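*Asks:* First the structure, then my questions, so here it is.
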Amino acid sequence: MSADTTLAEPQPEEILQVNNIEVIYNHVILVLKGVSLSVPKGGITALLGGNGAGKTTTLKAISNLLHSERGEVTKGAILYHGEPITELNPAELVRRGVIQVMEGRHCFGHLTVEENLMTGAFTRRDGARAVQRDLDMVYEYFPRLKERRKSQAGYVSGGEQQMVAIGRALMSRPETILLDEPSMGLAPQLVEEIFTIVKNLNEREGVSFLLAEQNTNVALKYA
């Protein structure tokens, strides 16, 4: 008799777990049922589906942005580092390292590109030098934003606004970014550019990503 001494490869830690959640709007409209997923630490996970499939609602359930739309998680559990987070408000989640980049970019159009980026550092308490280092890091990943830093965000291109939205999220020093439909409305070349930057941020900075995306081909290329 012989024993197999081959050691199994260690499984990556699941930083985010969504377990069989149900979401209801206005106390009566069931929009999600039985949704489960997990995001490994340092990984890129894609949530795929067509328009209206519930991808955005799933991300909002995680980031706790449902309440502003009269939505709520009525069943199941959402865990971050093994701890339930459904009772935390969005600001508390940002402090814990979870931030959502909304579909449609949602820049502050009347502010400059750089002012938009700096709003992402609002909750930080680690000093101006640390914030400046991260601003320089954002400009390293998005050199186009450095060129446009004094321009009003409402007047830059859609691709540049998406870069602003991701850069603003990075300024909060996140551990996990929930990225909603990053390819929406962008030319294929810009989509590739955005996803390449996401991959680089994941590999170099260790940021975990959960992507909600309709574009299956590009999502599965990187996730």
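The values are calculated or read from the model by the stated rules, or taken from the named source; none is laboratory data. Please read all numbers here as calculations on a predicted model, not as lab measurements. All Cβ positions, even for glycine, are placed from backbone atoms using ideal geometry, and neighbour counts span all protein chains on display.
Yes or no, residue by residue, for (1) out of contact with any Lys or Arg (no Cβ under 8 Å at 6 or more places or on another chain); (2) touching a residue at least 24 places away in the same chain (Cβ under 8 Å); (3) surrounded by 19 or more Cβ atoms within 10 Å (Cβ to Cβ):
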{"site": "Leu47", "(1), (2), (3)": "no, yes, yes"}
{"site": "Lys55", "(1), (2), (3)": "yes, yes, yes"}
{"site": "Thr74", "(1), (2), (3)": "yes, yes, no"}
{"site": "Leu79", "(1), (2), (3)": "yes, yes, no"}
{"site": "Pro90", "(1), (2), (3)": "yes, yes, no"}
{"site": "His110", "(1), (2), (3)": "yes, yes, no"}
{"site": "Leu117", "(1), (2), (3)": "no, yes, yes"}
{"site": "Arg125", "(1), (2), (3)": "yes, no, no"}
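*Asks:* While we're looking at this one, here's another question. I'd like to know if the range 98-111 contains one or more residues that are under 30 Å from Arg148 (Cα atoms), out of contact with any helix residue (DSSP H, G or I) (no Cβ under 8 Å at 6 or more places or on another chain) and of a type outside the set (D, E, K, R).
*Replies:* Within the range 98-111 (the criterion being under 30 Å from Arg148 (Cα atoms), out of contact with any helix residue (DSSP H, G or I) (no Cβ under 8 Å at 6 or more places or on another chain) and of a type outside the set (D, E, K, R)), the answer is yes, since at least one residue qualifies.
*Asks:* Return only the number of the condition from (1) of a type in the set (A, V, I, L, M); (2) farther than 24 Å from Lys150 by Cα; (3) in contact (Cβ under 8 Å) with a residue 40 or more places away in the chain that Ala121 does not satisfy.
*Replies:* The failed condition is (2).
*Asks:* For the range 127-155, enumerate the residues that are in a helix (DSSP H, G or I) and surrounded by 14 or more Cβ atoms within 10 Å (Cβ to Cβ).
*Replies:* Listed by number, the residues that qualify are Val131, Asp134, Leu135, Met137, Val138, Tyr139, Tyr141, Arg144, Leu145, Lys146, Ala153.
*Asks:* If you don't mind, there's one more thing I want to ask. It is to be established whether one or more residues within the range 95-106 are modelled with pLDDT of 95 or more, over 24 Å from Thr176 (Cβ atoms), not hydroxyl-bearing (Ser, Thr, Tyr) and not in a helix (DSSP H, G or I).
*Replies:* no
*Asks:* Residues in the range 65-79 that are within 18 Å of the chain's Cα centre (by Cα) and either modelled with pLDDT of 95 or more or part of a helix (DSSP H, G or I) (or both): how many? Step through it out loud before you land on a result.
*Replies:* To start, the set of residues in the range 65-79 that are within 18 Å of the chain's Cα centre (by Cα) comprises 65-66, 78-79.
Of the ones still in play, those that are also either modelled with pLDDT of 95 or more or part of a helix (DSSP H, G or I) (or both) are 78-79.
Number of matching residues: 2.
*Asks:* Hey, another quick one. From the list Ser36, Ser2, pick out the single residue that is modelled with pLDDT of 95 or more, of a type in the set (Ser, Thr, Tyr) and loosely packed, with under 14 Cβ neighbours inside 10 Å.
*Replies:* Ser36
*Asks:* Kindly check whether there is at least one residue in the range 80-89 that is on the phi < 0 side of the Ramachandran plot and either of a type in the set (Lys, Arg) or in a helix (DSSP H, G or I) (or both).
*Replies:* No, the conditions are met nowhere in the range 80-89.
*Asks:* Please work out if Val18 is more than 23 Å from Leu201 (Cα to Cα) and touching a Gly at 6+ places or on another chain (Cβ under 7 Å).
*Replies:* Values: more than 23 Å from Leu201 (Cα to Cα): yes; touching a Gly at 6+ places or on another chain (Cβ under 7 Å): no.
For Val18, the condition - more than 23 Å from Leu201 (Cα to Cα) and touching a Gly at 6+ places or on another chain (Cβ under 7 Å) - is not met.
*Asks:* Hey, does the range 159-167 have a residue that's in contact with a strand residue (DSSP E or B) (Cβ under 7 Å, 6 or more places away or on another chain), at pLDDT 90 or above, outside any helix (DSSP H, G or I) and buried (at least 22 other Cβ atoms within 10 Å of the Cβ)?
*Replies:* Looking for residues that are in contact with a strand residue (DSSP E or B) (Cβ under 7 Å, 6 or more places away or on another chain), at pLDDT 90 or above, outside any helix (DSSP H, G or I) and buried (at least 22 other Cβ atoms within 10 Å of the Cβ), one finds none in the range 159-167, hence no.
Residues are listed down the side, and each one gets a yes or a no for (1) assigned to a strand (DSSP E or B); (2) out of contact with any strand residue (DSSP E or B) (no Cβ under 7 Å at 6 or more places or on another chain); (3) more than 19 Å from Glu203 (Cβ to Cβ):
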residue: Glu22; (1), (2), (3): yes, no, yes
residue: Leu32; (1), (2), (3): yes, no, yes
residue: Ser36; (1), (2), (3): yes, no, yes
residue: Val39; (1), (2), (3): yes, no, no
residue: Gly50; (1), (2), (3): no, yes, yes
